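Presented below is the structure to which this report refers.
Please treat every number below as a calculation from the coordinates, not as lab data. Keep in mind that this is a model prediction, so the values were computed, not measured. Because the Cβ atoms are built from the backbone with ideal geometry, glycine has one as well, and the counts that use them run over all protein chains shown.
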Amino acid sequence: MAGREFGAGVRAIIARTGLTHRELAERIGWQEAKISDMTLGKGGVTEIEVQILLAYCQATVAEREYLLELFRESGKAWLQMPEDGLPDQVRTLIDQEKAAQEIICWSMILVPGLLQTPEYAYVVTAHSKVIEAEAVPKVAAIRAARANILEPGRKFVFYVHEQALELPVGGIEVWREQLAHLLRLSVRKYISIRIVPRSAGMHAGTSGDFRMMKFPKYPPVVYVESVNYCLFFDDADTIKVHDDILTALAAVALPEEESREVIDNILEGLQ
């Protein structure tokens, strides 16, 4: 995952020069394959070589520091601790969501972020212990804007526990509008919202919320977040574990039409 992010950053910096990989390699005195490996996030290059490339392409100090940090990253998990304290807003997550062909979310406590109304997102943000009061409007707006990716051409699957729908977030109007918003989204052919009922009891999803993002050319990525940090995984073992959890959730979740009935019944109770 870190390698993929590193490769994307290098490609963007090279693109600014207007040079092809072959032209750049000739000017530096390298084989073109070395440039290709670097832009694909593969090994075979040293940190010194990365520094040479970034210097030749006139990367900024901030870009060099960020890409070198990614280059040094190793292991199955990539930990990020955003400076603003809110994992939901990390640039990497937003970029991965935009690139994903399919996104599958599981949420036990709250309505998933991509399905939140702006008002619901504002209340959730305001209750965070790591966001300063003056930053809440801006951060909430960024969080709500992520929903813009809910467009045809991709697939979105949301498994949501019934208790998340019953949690009163904000006033009655915010809560009611959020439920109505779920009903409106649930009829879109490319969005599947399935409720895990309380009657399901103990199930595999109680291990925690997560989302899985699938891509046309890359392995899937599992994203897990907490209050002020988040983790990205793309190793086969972790993907398999979370795939198994999603399979188990699919077995206990209500079908889409019955899920709409659950949402509608809760909404009617708020009238």
- Message: Can you match Cα extents along the principal axes in Å to one of these, [x] 71, 42, 30; [y] 88, 37, 35; [z] 61, 41, 39, based on a calculation from the structure here?
- Response: [x]
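Which of 226, 192, 186 has the fewest other C-beta atoms within 10 Å, and how do the rest follow up to the most?
On the way: 226 11, 192 17, 186 20.
The fewest-first ordering by Cβ neighbours comes to 226, 192, 186.
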- Item | Tally of Lys pairs whose C-alpha atoms are under 17 Å apart, taken over the chain, 8 or more apart or cross-chain | 12
- Task: Kindly express, to the nearest 10 degrees and within the range 0 to 90, the angle between helix 61-72's C-alpha long axis and the longest C-alpha principal axis of the chain.
- Result: 80 degrees
- Between the stretch 1-69 and the stretch 198-258, how many Å separate their Cα centres? 33 Å
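Please sort 177-183, 253-259 by packing, taking for each peptide the average over its residues of neighbouring beta carbons within 10 angstrom, highest first.
Values: 177-183: 19.4, 253-259: 16.4.
Top of the packing list down: 177-183, 253-259.
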